Amino acid sequence: MTIASHPLRASAVAEMHLRQMPPLTVPCRVRQTVRLPSAKERAAERQAVEAMLGTADAKPDARHLSGSPDRGIALAWERHTEASTTLLVVSDGVDAETERRYIDWLEDLPGPVMRATLLDLVEDEAAALPLVAEAGFEAAETVSCNIQGARIWTNFRLAKGHDYGRMIVAAHDTHPADLARTIQQLQELGNYRNLALLGLAVAQQRGAEVTAIERDLSAATGRMGETADRKLLEGLTMLAAKVAALRAETEYRMSATAAYGQIVQDRLESLAPQPIAGFQNLSEFTERRLLPALRTCASFRRRLEAVALRIEQTTAMLRTRVDLELQDQNAALLGSMERNAVRQLRLQHLVEGLSVIALTYYAIALLEKLLDAGQEAHWLPASAEKLAALAILPVLVTFSLLVRWRAHRAEKL
């Protein structure tokens, strides 16, 4: 009997084993690049990695490729949400020509580089100190601390003469697997720190737009009662559109910065660097520079959310005022229409009355002519004038009823 596995079970298990760096045997040199490739560059980068590793048959959705294309050479490539990392490990016994060939390949990969690091891993501090002196780290800028049995030296600057950040690591007696995990966490800390700082530039560049929107909103709020509500409402609608566009353009970067910043904090806690007298500690250096950037980005997001809420509330208040004004106008219009209807009804009744009188007048006049003719022929029992006078009331009532009936019938139609 086989277990019915969830369709995502295998990928979930595989995810737990990604990003594993191979054991590192000192001495060796570790180079890593972090790139932000476009969609087209992503495809070209993957093809280059597959060609180097001979893994062209790898699954198209594989996000991690690794292997040893040459003796003493290890490669690892990983695709992240917006970045990709490529790791090159060169053992100490590899000749300079071979190492140069792989370095050239690494540097020629497509996509702009966000971070590039060169780590020299040596046995102990005696072997590390000459490299530290060679790197030219200034004492005031040097970050050095003990991390899980190893000691690091760096200044988090681009090394003189090339585009790599330099770090020296004295492994001491750290187990190769433990050393690999430590180096991996150190690299992830630096990589995510740089990716998090992408949001700072956006917050600084677009912060002036938020300030302008806040200023325009305050001015619009101050004009309430002085400017027509409809005009103010149009202005608020334009401000709301600006805020929506600004949020759409920056929200991904701000949320990514928050996520990257949290990963950096997690890596710092995991590494638990121990300070060394006379040097900056890794935690101190990272927090002093990264936390203000994260707070700036968080403040940018809060300001956007706050101004969007203020615009929404002000717009709702103005819409209520406009609706009340419309209701008052509609009530006045209905009152005017009602008064007009009353006047029209009175006029209609007057016209109906005049019509009845006119019809009665002409009917009696015609009747008198007929009665005069009958009187001349001696057909009438009384005088024509008397008979015509007697007919006035019945004719008047008849025409009144006829006119009212026609009016009532017209109302039903």
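Each value in this text was obtained by applying a stated rule to the coordinates, not by laboratory testing. Please read these numbers as outputs of a predicted model, since none were measured by experiment. When we count neighbours, we look across all protein chains shown, and the Cβ atoms used for this are built from the backbone with ideal geometry, even at glycine.
Tabulated values for the structure
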| read-out | value |
| --- | --- |
| Residue-averaged 222 nm ellipticity for the chain, from DSSP H runs of 4+ at -39500 (n - 2.57), nearest 500 | -23000 deg cm²/dmol |
| Label-point separation, TYR361 to GLN204 (7 Å along Cα→Cβ), nm | 9.7 |
| 4 °C / 1.567 mPa s Stokes-Einstein diffusion coefficient of the chain, Kirkwood radius on C-alpha pairs, µm²/s | 44 |
| For the stretch 194-331, average projected area of the Cα convex hull in nm² | 10.7 |
| Gained length - ALA44 relative to ALA127, 0.36 nm times residue gap less alpha-carbon distance | 25.9 nm |
| Stretchable slack from ASP95 to LEU401, in nm (0.36 nm times residue separation minus alpha-carbon distance) | 97.8 nm |
| Spatial extent of the stretch 133-248: Rg and Dmax, with the Cα atoms as the point set, Å | 25.6, 78 |
| FRET E, pair THR237, GLU82, Förster distance 25 Å, beta-carbon r, rounded to 0.05 | 0.15 |
| Span-rule helices in the chain, defined as complete DSSP H runs reaching 18 Å or more along the axis (Cα) with Kyte mean at least -1.0 | 39-53, 176-222, 229-271, 282-376, 384-412 |
